[in-house]
1. Which residues, counting only those in the range 142-177, are assigned to a strand (DSSP E or B) and basic (Lys, Arg)?
2. Among the candidates LYS34, LYS96, LYS74, single out the residue that is modelled with pLDDT under 95 and either on the phi < 0 side of the Ramachandran plot or not hydroxyl-bearing (Ser, Thr, Tyr) (or both).
3. Being touching an Asp or Glu at 6+ places or on another chain (Cβ under 7 Å) and either within 12 Å of ILE68 (Cα to Cα) or part of a helix (DSSP H, G or I) (or both) is the filter here; which residues of the range 122-141 pass it?
4. Identify all residues within the range 123-177 that are surrounded by fewer than 19 Cβ atoms within 10 Å (Cβ to Cβ) and in contact with a His (Cβ under 8 Å, 6 or more places away or on another chain); write none if there are none.
5. I'd like the full set of residues that are in contact with a strand residue (DSSP E or B) (Cβ under 7 Å, 6 or more places away or on another chain) and hydrophobic (A, V, I, L, M, F, W, C), limited to the range 136-177.
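The values are calculated or read from the model by the stated rules, or taken from the named source; none is laboratory data. Here the structure is a predicted model, which means the values were calculated and not measured. All Cβ positions, even for glycine, are placed from backbone atoms using ideal geometry, and neighbour counts span all protein chains on display.
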Amino acid sequence: MKISLLLLISLIGISSCGTKESETQNNPREVVKKSSVQATTAVKHKILEDTSHTDFTLYWKSFRQAIIENDTAKIMALTQFPLETRGPFDGDPIVKYHKKYFPQLLSAYLKEENYLPGDTKPTSFFEQIKKTQTLEPETIQENWARIGNLEFNKISNRWRLTFAYLDYPTIEKLQGK
């Protein structure tokens, strides 16, 4: 009797383990969760790999490509927060933007227009960044660079966007005026 009871318990245990495995393998939600986590982790690793540049020219290529592709997550990974901004003059007050407001700030900034030397009509900062494939040596210092109205600094041996000069209409738009 004891032997048959032990045999019955063993069979139930084996069959329930088998059922649990097959339920997990056949449960589409479980597969989606696992693949979603794996995909998110892969994206985070790729962003970290693409944002760890110590050479500004490589950093600029990555930053520029992220702007062109509208890859906000990557641009944010290439930015130091809070991002400091101010108007076009040094006497304008500095305003700091945290990650939460960055997409709105970035969108407004990229739409700003400016004249490039030799242009007869204004060009958006998006178009200017898109055109800036080769950097002038004087725009890059050892730990600091400025491209257009954007400033970059080397922080903990990694380049980051740290400052943006905004025009007054953009500042007013961001302030909701």
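1. The answer is ARG146, LYS154, ARG158, ARG160.
2. Of the residues listed, the single one that is modelled with pLDDT under 95 and either on the phi < 0 side of the Ramachandran plot or not hydroxyl-bearing (Ser, Thr, Tyr) (or both) is LYS34.
3. Selection gives PHE125 alone.
4. Scanning the range 123-177 gives a single hit, ARG158.
5. TRP144, ALA145, LEU150, PHE152, ILE155, TRP159, LEU161, PHE163, ALA164, LEU166
Okay, residues lined up against (1) assigned to a helix (DSSP H, G or I); (2) over 23 Å from LYS154 (Cβ atoms); (3) assigned by TED's automatic domain parsing to the domain that holds ASN153; (4) of a type in the set (Gly, Ala, Ser):
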{"residue": "LEU83", "(1), (2), (3), (4)": "no, no, yes, no"}
{"residue": "ASP90", "(1), (2), (3), (4)": "no, no, yes, no"}
{"residue": "PRO103", "(1), (2), (3), (4)": "yes, yes, yes, no"}
{"residue": "TYR109", "(1), (2), (3), (4)": "yes, no, yes, no"}
{"residue": "LEU116", "(1), (2), (3), (4)": "no, yes, yes, no"}
{"residue": "THR120", "(1), (2), (3), (4)": "no, yes, yes, no"}
